[in-house]
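Asker: Quick one: structure below, then a few questions.
The values are calculated or read from the model by the stated rules, or taken from the named source; none is laboratory data. Because the structure is predicted, anything quoted here is derived from the model rather than measured. So basically every Cβ, Gly included, is an ideal-geometry build from the backbone, and we count neighbours across all protein chains shown. Quick note on the areas: whole protein, heavy atoms, side chains included, nothing else; ligands and nucleic acids left out. Shrake-Rupley method; radii C 1.70, N 1.55, O 1.52, S 1.80 Å.
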Amino acid sequence: MGKFSFQEINRKQNADVTSTGEFPPEYLIKHPLQNTWTLWYYEPDRNKTWEESQREITSVDTVEDFWSLYNHIKTASELRQGCDYSMFKHGIRPMWEDDQNKSGGRWLINLEKKQRAMDLDNFWLEILLCMIGEAFNEYSDDICGAVVNIRTKGDKIGVWTSNADCPDSVMQIGRKLKERLKITPKTTIQYQIHKDTMVKVGSQAKNTYTL
């Protein structure tokens, strides 16, 4: 990432030009991401299937392009009820059936209603930064993407991984999430395998791991 953090680069983007009216050289250098990431937007439409309602918005492959995108779209908390944002590695669709997802699962973070104003946007941004910054270290290759669901009963954020049969990777990713989001030990997050979620009984899916 060069010598600047994500936040420093964002500040530089919003800074003034020099007195000569020219940008310093570091303003002109884009910082490439290790992966290209695609933002998807879901809005329920009675005239379309769930899959047809998933809209691919755009893809980013540099830090600067990510911040440009993030700063020009609604925050998660501003979305209407029933809508989703998804950010996935380019070529992976935000659905269980995708080849990269079908053997995996998701760490699920359930938020109470009051957390939409307090925590939702911070959690979502921090997860995005973890993903594009490859913060999961040697397990970053197992990350497929993340989804935020805006719902009346309580919002949800899911971080999707590609291989549910690799407990070391799953648990290390979950621990990193709790650490970065500063989730207290008293608050648990659950890992659900997509295959279990597809055949769930009632409204509850089986939790394979809990942290």
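Asker: Starting from 0.36 nm per residue, how many nanometres of slack lie between Asp165 and Gln115 once their C-alpha separation is accounted for?
Answerer: Computed gain between Asp165 and Gln115 is 14.8 nm.
Asker: How long is the gain from Gln34 to Lys48 if the chain were fully straight, where each residue apart is worth 0.36 nm and the alpha carbon distance is subtracted?
Answerer: 1.6 nm
Asker: For the residue pair Asp99 and Thr58, what label-to-label distance in nm results when each label sits 7 Å from Cα along the Cα-to-beta-carbon direction?
Answerer: 2.9 nm
Asker: If we count every other residue with Cβ under 14 angstrom of Lys153's Cβ, Lys/Arg +1 and Asp/Glu -1, where does the sum land?
Answerer: Charge balance near Lys153 sits at +3.
Asker: Another question, if that's okay. Which net charge results for the neighbourhood of Pro94, defined as the other residues with beta-carbon distances under 14 angstrom from its beta-carbon, given Lys and Arg at +1 and Asp and Glu at -1?
Answerer: -2
Asker: Next up: The stretch 110-164: which GluC sites (Glu not before Pro) are DSSP loop and have at most 11 other beta-carbon atoms within 10 angstrom?
Answerer: Counting only loop positions with at most 11 other Cβ atoms within 10 Å, the GluC sites (Glu not before Pro) in the stretch 110-164 are Glu112.
Asker: Same structure again: Go through 156-167, 139-150 and give me the packing order, highest mean Cβ count within 10 Å leading.
Answerer: Packing order, densest peptide first, comes out as 139-150, 156-167.
Asker: Quick one: net charge of Ser59's neighbours, Cβ under 12 Å, K/R +1, D/E -1?
Answerer: Local charge sum for Ser59: -2.
Asker: May I pose another question? Taking a probe of 1.4 Å, how large is the accessible area per residue of the stretch 31-210, in Å²?
Answerer: Accessible area per residue, the stretch 31-210: 52 Å².
Asker: Sorting check: for 173-184, 50-61, which peptide has the highest mean count of neighbouring beta carbons within 10 Å, and how do the rest follow?
Answerer: Order by mean packing, descending: 173-184, 50-61.
Asker: Which shape class, rounded, prolate or oblate, goes with the stretch 31-210 when its Cα gyration tensor gives a ≥ b ≥ c as root eigenvalues, a/c under 1.5 marks rounded, and past that a/b bigger than b/c marks prolate?
Answerer: Rounded.
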